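These notes concern the structure reproduced below.
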Amino acid sequence: MRSGHRRGQLLGPRLGRRFGWLWGAYGTSALGTWLAFGAFPVIAIQVLHAGPAEVAALASVGTAVGAVVAVPLGPWVEFRRKRPVLITMDLVRFAALLTIPAAYALHLLTFLQLLLVSVVVAAADITFRAASGAYLKTLLPTEDLLVANARFESTAWTTTIVGPPLGGAAIGLLGPVATVVADAASYLLSALGIRATGGHEPSPERREAGRMRPGDLLDGWRYVLADATLRPLLLNTALFNGLVMAVEPLLAVLMLGRLGFAPWQYGLAFAAPSIGGLLGSRLARPLVTRFGQHQVLIAVGTLRALWPVGLAFLGPGSGGLLLVMGVELGLIFCCGVFNPVYATYRLERTPTDRVARTLSAWAVTTKASTALLTALWGVLGTLLGPRTAIGLAGLLLLATPLLLPRRAAAPLSEQKQEPAPSQA
């Protein structure tokens with residue numbers, strides 16, 4: 001292992017064949033997701049002739065209801081082997097998405113079906129993320145978690161750069177349903193990749209009671225809220241992500257409506273800066289090695305909050321386009337560094353027998369807060385105007401660094417992870 005670390009000074013250590021399959025599966029499904037980025041709204045508008053209210057409901061209600069559906073799945077996942085759960089969630093998403101082209105071909109597609117599929121996919125996505133974090137912690141030693149998370153992050157930003165332009169071209173050539181087929185196929189390939197990881201997965205702890213109790217649904221939140229470092233980090237993540245995502249529809253209204261930007265300019269303004277995320281994720285490990293995990297978490301978590309307020313000064317023409325690209329580049333670069341560091345910090349602070357419940361509660365909280373803030377900022381944008389609402393979100397984001405953990409916490413030792421879940 002040590003020689004592998006030395007050989008990997010530039011590209012990072014080799015993490016083994018099993019991680020390679022998991023990484024490949026992640027990259028495949030991420031590319032499929034970004035190929036289909038915006039496909040549901042396009043289908044709703046072009047095929048089903050949906051109005052603004054229905055499109056907004058598709059974006060927010062589907063995610064919110066999916067988060068609620070996922071609540072009982074976190075405790076359920078905790079006491080099962082994670083690899084079969086990952087494969088099952090991929091196959092669920094594959095089957096759900098395939099119903100859309102099937103119904104479209106039979107002229108039976110409805111808005112309700114789109115909404116139901118979005119709920120199923122959202123719930124399966126939360127469950128998959130919870131299980132994948134727990135699986136990763138059993139797959140790799142603690143010292144390799146940051147490298148693994150940085151690779152996932154760099155892959156995410158790479159597919160963000162490549163996927164939407166290819167997906168847009170596919171929609172133009174083949175129609176809006178084509179990218180949904182590609183997204184469904186990516187989940188099938190992901191399931192096959194995860195199955196190929198093979199190897200032995202440790203058996204999870206068994207609960208003393210034979211069935212899940214109502215109180216078990218809150219175990220993930222109980223653990224996070226009781227931890228002095230995870231509690232502020234969850235609040236920071238939920239508020240930051242929610243406010244950043246809440247202004248996206250308002251930016252679209254402002255840029256494509258009042259300021260007269262062309263659709264290709266709007267796409268370019270958000271696609272090109274994604275290179276910053278790729279660069280940031282590559283720098284995460286060297287920065288942590290030099291300055292320390294907690295110092296990087298605080299510094300970059302603060303810096304990323306400074307950028308969005310600049311969007312309130314957006315104007316027309318090339319100057320406005322460059323402003324958006326500059327703000328997004330700075331924001332995405334900081335997120336590219338922050339995300340793998342915080343994901344590793346969270347895994348290190350969570351006992352192995354609680355990872356799935358904790359990550360599930362985390363994902364439910366962040367998705368629900370994003371849906372709520374997106375709906376609220378839609379109302380504020382109507383009452384105050386898009387620019388004022390964007391500026392208000394930027395000002396609130398300046399306060400989010402106050403929610404970052406103030407003190408570094410030592411990673412939990414395996415001895416402290418021994419207690420069975422039934423003692424929680």
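The values are calculated or read from the model by the stated rules, or taken from the named source; none is laboratory data. From a predicted model like this one, the values you see are computed outputs, not experimental measurements. Note that we place each Cβ from the backbone using ideal geometry, even for glycine, and neighbour counts take in every protein chain shown. Just the protein is used for accessible areas: all its heavy atoms, side chains included, with ligands, DNA and RNA removed. Shrake-Rupley method; radii C 1.70, N 1.55, O 1.52, S 1.80 Å.
General remarks:
Residue-by-condition table, conditions (1) surrounded by fewer than 16 Cβ atoms within 10 Å (Cβ to Cβ); (2) modelled with pLDDT of 90 or more; (3) of a type in the set (S, T, N, Q):
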position: A95; (1), (2), (3): yes, yes, no
position: T99; (1), (2), (3): no, yes, yes
position: Y104; (1), (2), (3): no, yes, no
position: H107; (1), (2), (3): yes, yes, no
position: A123; (1), (2), (3): no, no, no
position: L146; (1), (2), (3): no, yes, no
position: T158; (1), (2), (3): no, no, yes
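- Only a single criterion out of (1) open to solvent by less than 30 Å² (accessible area, probe 1.4 Å); (2) under 21 Å from the mean Cα position of the chain (by Cα) is not satisfied by F270, namely (1).
- Qualifying residue in segment 323-330 (condition: buried (at least 17 other Cβ atoms within 10 Å of the Cβ), part of a helix (DSSP H, G or I) and within 18 Å of the chain's Cα centre (by Cα)): yes
- Complete set of residues in segment 34-58 that are over 19 Å from the mean Cα position of the chain (by Cα) and open to solvent by 60 Å² or more (accessible area, probe 1.4 Å): I45, Q46, H49, P52, A53, E54
- Candidate set: segment 59-93, residues that are open to solvent by less than 50 Å² (accessible area, probe 1.4 Å) and of a type in the set (K, R); chosen: the one farthest from the chain's Cα centre (by Cα): K82
- Looking only at segment 262-314, residues that are out of contact with any helix residue (DSSP H, G or I) (no Cβ under 7 Å at 6 or more places or on another chain) and outside any helix (DSSP H, G or I) come to 3 in all.
Quick grid of which residues meet (1) open to solvent by 60 Å² or more (accessible area, probe 1.4 Å); (2) of a type in the set (V, I, T):
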site	(1), (2)
A226	yes, no
T229	no, yes
E248	no, no
W264	yes, no
G280	no, no
R290	yes, no
A305	no, no
L311	no, no
